[in-house]
Amino acid sequence: MKYLIANWKAQMNQESITSWLNKFTSIIRTDTSVMSVLDQKLTLIICPPAPYLEFVKNSLKQLPIKTGAQSISHYPEGKYTGEVTAKMAKEFVSYAIIGHSERRRYLHETNEDIQDKIEQCRIHHIEPVLCVRNEDDTIYDDVTIVAYEPVEAIGTGQNAEAEEVIEMKKQLNIGRNTAFLYGGSADETNIEDYLKTGEVDGFLVGTASLDPEKFYLMVKKMSKEQG
Ligand code: PGA
């Protein structure tokens, strides 16, 4: 299985999300070659900001497209103002991005928090997508989707070279049954470089996912790889 994940971060609003969904779904609906691989060989996951999860999920109801959370609380539930728990998110998502470097950096997420989040995901049947910055970040045994995201490549337009990504995959010792994704300025112009190595199972996409046409081109390229 290949994966393409849109991470909108703390961007977009009701109006821009509505317009994104209208554009994206109208293009994808009519593309039978893309539609035939979705959920079969390619899992497409949209991760909007939490307040829009229900809206996005409902809007995509008729399509083989999944929703994911950008994070979940490391607490199970309780008096933790502002937190969105896995128990709540599970109504709207099948996946959750865990340990994104922006959260490690700006929200001071620790390895312990990340472990607790993975545990919460497990309890509530949410599949964690664990982000790692380099070989120093722990990959927990039961995680089956890992996204390597070198910090200098995120949001900079400076995507990492495919060889460097493959090298890191070796160092990370990714198991055979673990999907290995790349993230960091991945877009419709560069994903083939990674795909043709046969070592990269998909992408976690920030900036390029905000544009429905660019994101569709990424889906299209990935579906061709599958065809
Ligand atoms: P980017 O973000 O595609 O804008 O580099 C990727 C990410 O942070 O997941």
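Within region 139-163, work out how many residues are assigned to a helix (DSSP H, G or I) and either surrounded by 14 or more Cβ atoms within 10 Å (Cβ to Cβ) or under 13 Å from the mean Cα position of the chain (by Cα) (or both). Before you say what the answer is, go through the steps one by one.
Step one: list which residues in region 139-163 are assigned to a helix (DSSP H, G or I), which gives 151-153, 162-163.
Now drop any that are not either surrounded by 14 or more Cβ atoms within 10 Å (Cβ to Cβ) or under 13 Å from the mean Cα position of the chain (by Cα) (or both), which leaves 151, 153, 162.
Residues flagged as assigned to a helix (DSSP H, G or I) and either surrounded by 14 or more Cβ atoms within 10 Å (Cβ to Cβ) or under 13 Å from the mean Cα position of the chain (by Cα) (or both) within region 139-163 amount to 3.
Residues that are of a type outside the set (S, T, N, Q), within 11 Å of the ligand (Cβ to nearest atom) and without any contact (Cβ under 8 Å) to a residue 40 or more places away in the chain do not occur anywhere in region 165-180. Screening L217 against (1) assigned to a loop (DSSP other than H, G, I, E, B); (2) surrounded by fewer than 19 Cβ atoms within 10 Å (Cβ to Cβ) leaves a single unmet condition, (1). Residues in region 75-114 that are on the phi > 0 side of the Ramachandran plot and within 16 Å of the ligand (Cβ to nearest atom): G99 alone. Would you mind stating whether D201 is away from the ligand (no atom under 15 Å from the Cβ) and in contact with a Lys or Arg (Cβ under 6 Å, 6 or more places away or on another chain)? Taking the combined requirement at face value, the residue satisfies it.
Would you confirm whether any residue within region 190-202 is on the phi > 0 side of the Ramachandran plot, surrounded by 15 or more Cβ atoms within 10 Å (Cβ to Cβ) and part of a strand (DSSP E or B)? Spell out how you get there, then give the answer.
First pass over region 190-202, keeping only residues on the phi > 0 side of the Ramachandran plot: 198, 202.
Keeping just the survivors that are surrounded by 15 or more Cβ atoms within 10 Å (Cβ to Cβ) gives 202.
With the extra rule that they be part of a strand (DSSP E or B), the set shrinks to 202.
Yes, region 190-202 has at least one match.
Among the residues of region 181-192, those that are over 14 Å from L130 (Cβ atoms), within 15 Å of the ligand (Cβ to nearest atom) and not polar (S, T, N, Q) comprise G184, A186, D187, E188, I191. Which residue pairs have Cβ atoms under 6 Å apart, sit 6 or more places apart or on different chains, and have a first residue in region 120-138 that is in a helix (DSSP H, G or I) and a second that is within 15 Å of the ligand (Cβ to nearest atom)? Hits for this filter: C121/A96; C121/P128.
Residues of region 139-164 that are under 22 Å from Q115 (Cβ atoms), within 16 Å of the ligand (Cβ to nearest atom), without any contact (Cβ under 8 Å) to a residue 60 or more places away in the chain and in contact with a strand residue (DSSP E or B) (Cβ under 9 Å, 6 or more places away or on another chain): V146, Y148, E149. Residues in region 106-117 that are part of a helix (DSSP H, G or I) and acidic (D, E) were compared, and the one that is farthest from P150 (Cα to Cα) is D116.
Laboratory data are not the source of any read-out in this text; all were calculated from the coordinates shown. Small disclaimer: the values here were computed from a predicted structure and weren't measured. Using ideal geometry, Cβ is built from the backbone for each residue, glycine included, and neighbour counts are taken over all protein chains shown.
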